1. Exactly one of (1) assigned to a loop (DSSP other than H, G, I, E, B); (2) aliphatic (A, V, I, L, M); (3) at pLDDT below 85 is unmet by B:ALA124. Its number?
2. Starting from region B:2-15, take each residue that is closer than 18 Å to B:LEU74 by Cα and list its partners that are not in a helix (DSSP H, G or I), counting only C-beta distances under 9 angstrom and pairs at least six apart or across chains.
3. Got at least one residue in region B:75-84 being within 7 Å of chain A (Cβ to nearest Cβ), surrounded by fewer than 22 Cβ atoms within 10 Å (Cβ to Cβ), free of Cβ contacts under 8 Å to residues at least 40 places away in the same chain and under 19 Å from B:LEU138 (Cα atoms)?
4. Among (1) within 7 Å of chain A (Cβ to nearest Cβ); (2) modelled with pLDDT under 95, there is one condition B:ILE59 misses while meeting the rest; what is its number?
5. Tell me which of these A:ALA62 doesn't satisfy, since it passes every other one: (1) within 13 Å of the chain's Cα centre (by Cα); (2) surrounded by 18 or more Cβ atoms within 10 Å (Cβ to Cβ).
6. Can you pull out the residues in region A:30-57 that are out of contact with any helix residue (DSSP H, G or I) (no Cβ under 8 Å at 6 or more places or on another chain), within 28 Å of A:LYS101 (Cα to Cα) and either hydrophobic (A, V, I, L, M, F, W, C) or in a loop (DSSP other than H, G, I, E, B) (or both)?
7. Please work out if A:LYS101 is within 14 Å of chain B (Cβ to nearest Cβ) and without any contact (Cβ under 8 Å) to a residue 12 or more places away in the chain.
Amino acid sequence: MMSKLFQATILLFFSLILSITVNQFHPRGLPLIITKDMMPGIPKKIFKSVHFIDVKQAYIEAKKGMLIDLRSASDFQNSHAKGAINWSYEMLEKNPTPFIKGVKKETPLYLYCYDETCPLSIMASKILWEQGFRQIFIIKGGFSAWEGNWLPEEKNGYLK
Amino acid sequence: MGRKLVTRRKEWLFKIIRIILGFIFLASSIEKIIYPDIFASIVVKYQILPLWSVNALSIWLSYLEAVVGIMLILGLWEKASAILASGMCMLFLIFLSSALLRGIKLNCGCFFLETSTSSPRSWATLWQEALLLFSSILLGFKKR
């Protein structure tokens, strides 16, 4: 039994070394250590262009750029952050061109999706980075944090 | 003579289970290795691991799956690999059950990495993981 556990430990160790080594050269390699105010799943190459921003700070700063709601069109219509436009991730993933047409690459983009665990902002940030945008801000906590902080919303076309 | 035949059949059965299990582990690791960013985003949705650890652990897990899969297919360090396989299955069962108990909708991220929750996992689909766990325990603790 001891030898089996020893072999298992070697396999664990070997896979650890292998994963760290390959991750260094992987085109979508991830930073192994991330700080508290960042989210996992963002490749190293775009890490410097993607910033995580508090919802209240985003409310103030988004006026300088574009506030983008990545949720589905129906959820957006139901309610959304005041001043946000809908770039439904589903559509953005298929073809980003119609969305980014006419948007200057240096425009700061403030992205949000449903909540803290929603991966859409992170995934959209990768698409937008590939399209040449370098000022990407992900709003922490997404729309649920926006609602939770009583920030202005538009519901069915009315301001709340 | 009869006993020998039964033993030989048993050996073949274990061999088949080992190879199938190995292929399942290897296949499930491929997309995770190609798209570590998407896999990490899926792991976040389970809401179990602290966020700072997700990147490192999700990368490690993908390669561990691949290594265990290859070892099982080749029949090298069979028992040690099967013990690790059962550990991973057990961990996954715990993660999935915990997420289901908390009402979190998610795809397991087992083979094809989908972040949408159009066909979320349910208690009814846990048998697949249970079957994998049973097979790996069978291999890991079988008598010579």
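The values are calculated or read from the model by the stated rules, or taken from the named source; none is laboratory data. Note that the coordinates shown come from a computational prediction; the quantities given were computed from them, not determined experimentally. Note that we place each Cβ from the backbone using ideal geometry, even for glycine, and neighbour counts take in every protein chain shown.
1. So B:ALA124 meets the others, but not (1).
2. Close Cβ pairs satisfying both conditions: B:PHE14/B:LYS142; B:LYS15/B:GLY75.
3. yes
4. All conditions pass for B:ILE59, except number (2).
5. Condition (1) is where A:ALA62 drops out.
6. A:PHE47, A:LYS48, A:PHE52, A:ASP54
7. Details: within 14 Å of chain B (Cβ to nearest Cβ): no; without any contact (Cβ under 8 Å) to a residue 12 or more places away in the chain: yes.
So A:LYS101 does not fit the description; no.
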